[in-house]
């Protein structure tokens, strides 16, 4: 009787452990899918702003624009010929249509924590060049993307007449997927 009870207890414990492990795998997968979408959402505005800058300058100035606009400690963006990118046919088709392509490296584990390297690619206009944001760790997404966002919004507003700021902010709010408004700090 005791052996039978012990077998059932061990069986229930094993089923419980397997269930917990399966739930962990499902939650980890959902986290990574959410992370990819968050990365895409937060960086769409950066791609939009850089594409706008590139469209008004010749191709030989794009690298300078990119270097000058990056946060000092970011240095994760580059311009590469599309032919040098390691993309499958489906990803290449999306890229050629002007879409942002997300490519995740294989999962890396560091002291038991999953680390995902994400690369984002977008074709620059109709050229044979792609803008690449690469090796983006989770901590970078919020911190550096925000720094770039502030830089581009400030640049846009500096080159826009004050009476058009509301329309500019609406356009940028849509591009960056965040609400934007201007507060008068003198009347606080």
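The values are calculated or read from the model by the stated rules, or taken from the named source; none is laboratory data. Not measured: the values here are computed from a predicted model. Every residue, glycine as well, gets a Cβ built from its backbone with ideal geometry; the counts of neighbours run over all protein chains shown.
The table below lists the values:
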item: Residue among 99, 91 that alone is at pLDDT 85 or above, more than 13 Å from residue 134 (Cβ to Cβ) and buried (at least 16 other Cβ atoms within 10 Å of the Cβ); result: 91
item: Residues that are assigned to a strand (DSSP E or B) and at pLDDT 70 or above, drawn from the range 115-137; result: 118, 119, 120, 121, 122, 123, 129, 130, 131, 132, 133
item: Some residue of the range 35-43 being closer than 25 Å to residue 175 by Cα, modelled with pLDDT under 85 and surrounded by fewer than 12 Cβ atoms within 10 Å (Cβ to Cβ); result: yes
item: Pairs with Cβ under 9 Å, 6+ apart, first in the range 78-99 and without any contact (Cβ under 8 Å) to a residue 40 or more places away in the chain, second exposed (fewer than 10 other Cβ atoms within 10 Å of the Cβ); result: 98/126
item: Criterion violated by residue 184 - all others in (1) under 23 Å from residue 55 (Cα atoms); (2) out of contact with any strand residue (DSSP E or B) (no Cβ under 8 Å at 6 or more places or on another chain); (3) modelled with pLDDT of 65 or more satisfied; result: (1)
item: The one condition in (1) within 11 Å of the chain's Cα centre (by Cα); (2) modelled with pLDDT of 85 or more that residue 140 fails to fulfil; result: (2)
